[in-house]
Amino acid sequence: MGNNEKLQEFKEVKAKMLKGGGEARIKAQHDKGKFTARERIEGLTDEGSFIESQAYIKGRTTEFGMDKKRFAGDGVVTGSGKINGKQVFISSQDFTVLGGSLGEMHAEKIAEAQNLALKTGSPFIQVNDSGGARIQEGILALNGYAKIFRNNTLSSGVIPQFSVILGPCAGGAVYSPAITDFIFMIDGKSHMYITGPDVIKAVTGEIISHEDLGGASAHCAKSGNAHFHFETEEDCFYFIRALMDYLPSNNQEQPPITETGDPADRKSNVMSIIPDVQTKPYDVRDIINEVFDNGSFLEVHKDFAKSIVVGFAKLNGRTVGLFANQPGFMAAVLDINSSDKGARFLRFCDSFNIPIISLVDVPGYLPGIAQEHGGIIRHGAKLLYAIAEATVPKISLIIRKSYGGSMIAMSSKSLGYDRVLAYPTAEIAVMGAEGAANVISRKEIKAADDPAIKRAEKIAEFQQEFMNPYVAAGYGLVDDIIDPDFTRIELIRALEMNVCKREERPVKKHGNIPL
Ligand code: HXC
């Protein structure tokens, strides 16, 4: 064969490789409203930046006629690309090849991309669209998953890891995403479950659709497994590209500083948001949007455990992790799910050098048999553990209530907050005035001629005595009481003051957070 023929052959082999499972299957993918593996990489990365790895790899299995079903690339496209100039590594499963199923070499490619991401300190993004373990490859496929899970675990806390579920993700395939930091899903298109509706019907008799069982809203709102959902793949890619600008590439770097154009000396009109009556709800996101750099708040886990709001924002151009009570949902009470949500987010921030700011208006942990028996002690402890463990700058702003155990989690200097600020409207106490009066004045109230009047007196007495920021400030538990108009200015000062913070921990293999 002469050189011309060799070049011609190369062009044909490459063109075939780029087509994955072929034109008909690409059309089927498009007809389902889904992009192909390569189109997805183009949507995520800067134009022309993608460098493909192991493009021609093929499966080695011969059983079940697999020697006749070999596709260059083996059903997954991997390599590195740039997002807004920042290097990332990507794997994107190709549903047009054997349903994106994971065989031995397919797994090798993903593991190689993970290894390179870890070695180069680059974020790793995996796009999942797969029928799960390639059944014909049996235990070699399972072995491949094990490599991927191990790499996910070793990378955890070293590089950010995203899982973008753009089709089926079933069986053991769900566990790699579950180990990563954030899961993204598309309404009506992404499905995650360890066993699908048919198996559930056979085993338990329950009947449920794919969407209700494992769709985006099931995981974003109910199970809490997923963090973000979108109407379209394009919306999802746009968001991931924006999110990347908040994060460092790895745990050795600081998060990027962005010019947001929002003046550092701008006053904050928060008092128009906080109701005059202490028990009335408001949306803490209105405060966030008023105080932090213009339009920079990216909420994480928006639909799950809504009594707490977490997400990234910019403050004077710096990335911060916000951890805020939400009086607009269940009076902001902390429960099992909000504790899990908060703790996981805080640990992500601490891993990647993102300072934490808590906005506090919380009556306590949720009382009830279901919560007690569901393990609120263990789950609630995660929040305390995550804050105490974190070495990043930690700033707390007490807006209204800060009571009991939740006061410790959200605003205690002794737990590790570096600067605690309070509004004049703050109420910092061991518990609410009604509960306190009922306990400490129980006998007096019972013996009174009119117990109701006596109870009201005792409640008012407790309120007068303790429901303010001055007692805590007098003990040094609050650093400063601030004029709410100066919230943005004071938070920027607190952040700048702590940004060079260095804190060591005793040498250990790892802690044992109550899981
Ligand atoms: C081999 C597979 C496959 C798989 C799909 N295909 N899943 N091949 N192994 N796991 C093939 C199909 O045979 C078909 O090939 C092609 O991919 C497209 O699949 P369709 O079924 O035509 O597509 P669709 O109708 O869209 O349905 C998609 C699907 C379905 C819902 C994902 O294919 C399905 O239910 N697959 C099996 C899912 C499953 O049980 N996975 C668990 C595997 S065990 P042809 O050539 O016929 O078009 C597991 C354990 C892992 O994952 C544990 C790890 C720790």
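The values are calculated or read from the model by the stated rules, or taken from the named source; none is laboratory data. All values derive from a computational prediction rather than experimental measurement. Every residue, glycine as well, gets a Cβ built from its backbone with ideal geometry; the counts of neighbours run over all protein chains shown. Ligands, DNA and RNA are stripped out before the accessible areas are found, and what is left, the full protein with its side chains, is counted by its heavy atoms. Shrake-Rupley method; radii C 1.70, N 1.55, O 1.52, S 1.80 Å.
Report the equivalent ellipsoid semi-axes for the stretch 235-356 in whole Å, largest first, defined as the square roots of five times the eigenvalues of the gyration tensor built from alpha carbon atoms.
Each semi-axis is the square root of five times an eigenvalue, giving 25, 19, 12 Å.
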³J(HN,Hα) computed for each position of the stretch 83-96 - Karplus, 6.51 cos²θ - 1.76 cosθ + 1.60, integer Hz, glycine/proline x:
10, 6, x, 9, 6, 10, 10, 9, 10, 9, 6, 9, 5, 6
Leaving out ligands, DNA and RNA, and with a 1.4 Å probe, what % of the accessible surface on the stretch 215-264 is carbon or sulfur?
49
Cubic angstrom per residue, convex hull over Cα atoms of the chain:
180
When only alpha-carbon atoms count, how far does the stretch 347-478 stretch along each of its three principal axes, as whole angstroms with the largest first?
61, 37, 18
Work through the residues other than residue 440 whose Cβ is under 12 Å from its Cβ and net out their charges, Lys, Arg +1 and Asp, Glu -1.
0
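Over the chain, what is the relative contact order in percent, taking alpha-carbon pairs closer than 8 angstrom and at least six residues apart?
9
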Could you tell me whether the stretch 379-431 comes out rounded, prolate or oblate from its Cα gyration tensor? Rule is a ≥ b ≥ c as square roots of the eigenvalues, rounded for a/c under 1.5, then prolate if a/b exceeds b/c, otherwise oblate.
oblate
Say each of residue 1 and residue 208 gets a label point 7 Å from the Cα, pointing the same way as Cα to Cβ; how far apart are those two points in nm?
5.3
Dividing the surface of the Cα convex hull of the stretch 1-160 by four yields a projected area in nm² of 10.7
Cβ-placed point charges (K, R +1; D, E -1), dipole of the stretch 202-337 about Cα centre in debye, nearest 20:
460
Under the Karplus curve 6.51 cos²θ - 1.76 cosθ + 1.60, θ = phi - 60°, whole-Hz ³J(HN,Hα) for the stretch 451-458, x wherever Gly or Pro sits
x, 5, 5, 4, 4, 4, 4, 5
For the stretch 195-298, Rg(Cα) over 2.2 N^0.38 Å is 1.62
Can you tell me the length gained on complete extension of the stretch residue 510 to residue 32, counting 0.36 nm per residue apart and subtracting the Cα distance?
167.6 nm
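Grab the other residues whose beta carbon is less than 14 angstrom from that of residue 344, score K and R as +1, D and E as -1, and report the net.
Combined, the nearby Lys, Arg, Asp and Glu give -1.
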Could you tell me which of rounded, prolate or oblate describes the stretch 248-320, using a ≥ b ≥ c as the square roots of the eigenvalues of the alpha-carbon gyration tensor, with rounded for a/c under 1.5 and, failing that, prolate when a/b is larger than b/c and oblate otherwise?
oblate
With the Cα gyration tensor of the stretch 44-128 in hand, convert its eigenvalues to equivalent ellipsoid semi-axes via √(5λ) and list them largest first in whole Å.
26, 12, 9
Residue by residue, what Karplus-based ³J(HN,Hα) values in Hz, rounded to whole numbers, does the stretch 194-201 have, using 6.51, -1.76 and 1.60 with θ = phi - 60° and x for Gly and Pro?
7, 9, x, x, 5, 5, 4, 4
Just to confirm the number: angle between the C-alpha axis of helix 336-351 and the first principal axis of the chain, 0 to 90 degrees, nearest 10?
70
Have a look at the DSSP beta bridges in the stretch 337-493 and tell me what percent are antiparallel, nearest 5.
0
Defining a contact as two alpha carbons under 8 Å apart and six or more residues distant in sequence, what relative contact order in percent does the stretch 338-476 show?
23
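Enter the accessible area per residue of the chain (Å², integer; probe 1.4 Å; all protein chains in place).
46
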Dipole moment magnitude, nearest 20 debye, the stretch 78-187 about Cα centre, only Lys, Arg, Asp, Glu C-beta charged:
320
Taking all protein chains in place and a 1.4 Å probe, what share, in percent, of the accessible surface of the stretch 74-124 do carbon and sulfur account for?
49
Testing the spin-label approximation: label points 7 Å from Cα along Cα→Cβ at residue 142 and residue 254. State their distance in nm.
4.9
Calculate the dipole size of the stretch 39-136 relative to its Cα centre from +1 charges on Lys and Arg beta carbons and -1 charges on Asp and Glu beta carbons; express the result in debye to the nearest 20.
180
Work out how far the C-alpha atoms of the stretch 319-401 reach from end to end along every principal axis, then list the three figures in whole Å, largest first.
38, 26, 16
Rounded to the nearest 5, what % of the DSSP beta bridges within the chain are antiparallel ones?
35
Compute the relative contact order of the stretch 332-382 as a whole-number percentage, counting only Cα pairs closer than 8 Å that sit 6 or more residues apart in sequence.
65
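For the stretch 91-246, just say rounded, prolate or oblate: build the C-alpha gyration tensor, square-root its eigenvalues into a ≥ b ≥ c, call rounded for a/c under 1.5, and beyond that prolate if a/b exceeds b/c, oblate if not.
The shape class here is oblate.
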